[in-house]
Amino acid sequence: MQHARMATYQPPDRNARLRLLWVVFCSVVLCTLTWVVTERWLESLQGMAPREAQRQLTWALRIVGVLLGVVVVAVGGYAIRLGARVRLHDRFPPPGVELVRRTIVLEGAQARARGRLLIGLGIALVPTGGLVALTVMWVAHMLGR
């Protein structure tokens, strides 16, 4: 008779929860400030000469495209790094990872599969972020002609 193995859980980290709340709060504040500044900037564009307004809009599009690409590449890099740690320790989540909620610990083949999935996702995201940035830069170039 085969015995069912009890699931092992890794408890949440209280400090990780507090940091997450702080990041969410700061993100809301930053997004609100960005919204206000962008609205004022767009209003100022209405009084400009068309050529100058077009130049500023294409530069803004370039900046947004590069920032978006950098974020996607960073997430891909993190996924690759996390997947490699999972494969190294043969455990998901790997030791030292701070969690915001109680999580089932996977070991063995399940953990290796999760690690491969994370690495594959990261490998897909890194060039995608680069392509997003290049595509937005090209569109901005074409609009700026």
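The values are calculated or read from the model by the stated rules, or taken from the named source; none is laboratory data. Bear in mind that the values here come from a model prediction, so they are computed numbers and not experimental data. Because the Cβ atoms are built from the backbone with ideal geometry, glycine has one as well, and the counts that use them run over all protein chains shown. These area figures cover heavy atoms from the full protein model, side chains too; ligands, DNA and RNA do not enter into them. Shrake-Rupley method; radii C 1.70, N 1.55, O 1.52, S 1.80 Å.
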Q. Helix 50-89 sits at what angle to the longest principal axis of the chain, using alpha carbons and giving 0 to 90 degrees rounded to 10?
A. 10 degrees
Q) For segment 72-140, what is the charge dipole size about the Cα centre, in debye to the nearest 20, if Lys and Arg each add +1 at the Cβ and Asp and Glu each add -1 at the Cβ? A) 200 debye
Q) Over all Cα pairs of segment 99-145, how is the pair count split among 5 Å bins, expressed in % and running from 0 up to the last occupied bin? A) 5, 17, 12, 13, 13, 9, 10, 7, 6, 5, 2, 0
Q) In square angstrom, what is the accessible area per residue of segment 86-127 with a 1.4 angstrom probe? A) 62 Å²
Q. Counting only protein heavy atoms and using a 1.4 Å probe, what share of the accessible area of the chain belongs to carbon plus sulfur, as a whole percent?
A. 69 percent
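So between residue 68 and residue 98, what do we pick up on full extension, going 0.36 nm a residue minus the alpha carbon distance?
Value of the extension gain: 8.2 nm.
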Q: State the answer as a single residue: which of 49, 31, 15 lies farthest towards the positive end of the charge dipole of segment 11-56, with beta carbon charges of +1 for Lys and Arg and -1 for Asp and Glu, about the Cα centre.
A: 15
Q. Relative to the longest principal Cα axis of the chain, at what angle does helix 109-143 sit, 0 to 90 degrees, rounded to 10?
A. 0 degrees
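For residue 17 and residue 30 in the same chain, what is the full-extension length gain: residue separation times 0.36 nm, less their Cα-Cα distance, in nm?
Using 0.36 nm per residue and subtracting the Cα-Cα distance, I get 2.7 nm.
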Q. Using a simple charge model, +1 on the beta-carbon of Lys and Arg, -1 on the beta-carbon of Asp and Glu, nothing else, what dipole does the chain show about its Cα centre, in debye to the nearest 20?
A. 440 debye
Q) What accessible area per residue, rounded to a whole number of Å², is obtained for segment 7-81 using a probe radius of 1.4 Å? A) 78 Å²
Q: Give the calculated FRET efficiency between residue 51 and residue 137 to the nearest 0.05, with a Förster radius of 22 Å applied to their Cβ-Cβ distance.
A: 0.65
(Q) Keeping all protein chains in the complex and leaving out DNA, RNA and ligands, what accessible area do you get for residue 58 with a 1.4 Å probe, in Å² to the nearest 10? (A) 10 Å²
Q) When the convex hull of the Cα atoms of segment 1-71 is projected onto a plane and the area is averaged over all directions, what value comes out in nm²? A) 8.7 nm²
Q) Which values, in whole Å and largest first, are the semi-axes of the equivalent ellipsoid of the chain obtained as the square root of 5 times each eigenvalue of the Cα gyration tensor? A) 44, 21, 9
